[in-house]
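Input: a single structure, listed below in structure tokens.
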Amino acid sequence: MAHGTLKILQLNVHKRKEVQQSLLNDEDIKDYAVLAVSEPYARTVDEAVVTVPMGHHNWTKLIPTTKWNTTWPIRSMMWHRFDSQIGQC
């Protein structure tokens, strides 16, 4: 990734875990710093938001700090490259 350039990819995965995992494993997006995911595959288990995958060797998960009390607790999330300087407060 070039210094001074921020590449963001946005994709609606339509709550499909296979699409979400495929996105994270796609070698063609290695130059992107952030993946903005709409309608992610995420569920609530023991009052915690569980995503597929829960973690990834190239990406760090950022999820909203508030959630809906429904089957699908979040409407969007982001993943940032492990080597980018981004954090969640």
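The values are calculated or read from the model by the stated rules, or taken from the named source; none is laboratory data. The structure presented is a predicted model; accordingly, all values stated were derived computationally and were not measured. With ideal geometry, Cβ positions are generated from the backbone for all residues, glycine too; neighbour counts draw on all protein chains shown.
Let's see how each residue does on (1) part of a strand (DSSP E or B); (2) closer than 18 Å to LEU9 by Cα; (3) not basic (Lys, Arg):
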{"residue": "ARG43", "(1), (2), (3)": "yes, no, no"}
{"residue": "VAL50", "(1), (2), (3)": "yes, no, yes"}
{"residue": "THR70", "(1), (2), (3)": "no, no, yes"}
{"residue": "PRO73", "(1), (2), (3)": "no, no, yes"}
{"residue": "MET77", "(1), (2), (3)": "yes, yes, yes"}
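With the requirement that a residue be in contact with a helix residue (DSSP H, G or I) (Cβ under 7 Å, 6 or more places away or on another chain) and at pLDDT 95 or above, what does the stretch 38-55 give you?
Listed by number, the residues that qualify are PRO40, TYR41.
Does any residue of the stretch 80-87 turn out to be surrounded by 13 or more Cβ atoms within 10 Å (Cβ to Cβ), hydroxyl-bearing (Ser, Thr, Tyr) and at pLDDT 90 or above?
Checking the stretch 80-87: not a single residue is surrounded by 13 or more Cβ atoms within 10 Å (Cβ to Cβ), hydroxyl-bearing (Ser, Thr, Tyr) and at pLDDT 90 or above.
Identify all residues within the stretch 28-37 that are in contact with a helix residue (DSSP H, G or I) (Cβ under 9 Å, 6 or more places away or on another chain) and either basic (Lys, Arg) or touching a residue at least 40 places away in the same chain (Cβ under 8 Å) (or both); write none if there are none.
LEU35, VAL37
Against the definition (among the hydroxyl-bearing types (Ser, Thr, Tyr), in a strand (DSSP E or B) and under 14 Å from HIS80 (Cα atoms)), how does THR60 come out, yes or no?
Yes; evaluated as a whole, the condition is true for this residue.
Sort out which residues of the stretch 15-47 are aliphatic (A, V, I, L, M) and surrounded by 11 or more Cβ atoms within 10 Å (Cβ to Cβ), and write them in order of number.
Scanning the stretch 15-47 gives VAL19, LEU23, LEU24, ILE29, ALA33, VAL34, LEU35, ALA36, VAL37, ALA42.
With THR5, THR60 as the choices, which residue is of a type in the set (Ser, Thr, Tyr) and either at positive phi or free of Cβ contacts under 8 Å to residues at least 12 places away in the same chain (or both)?
THR5
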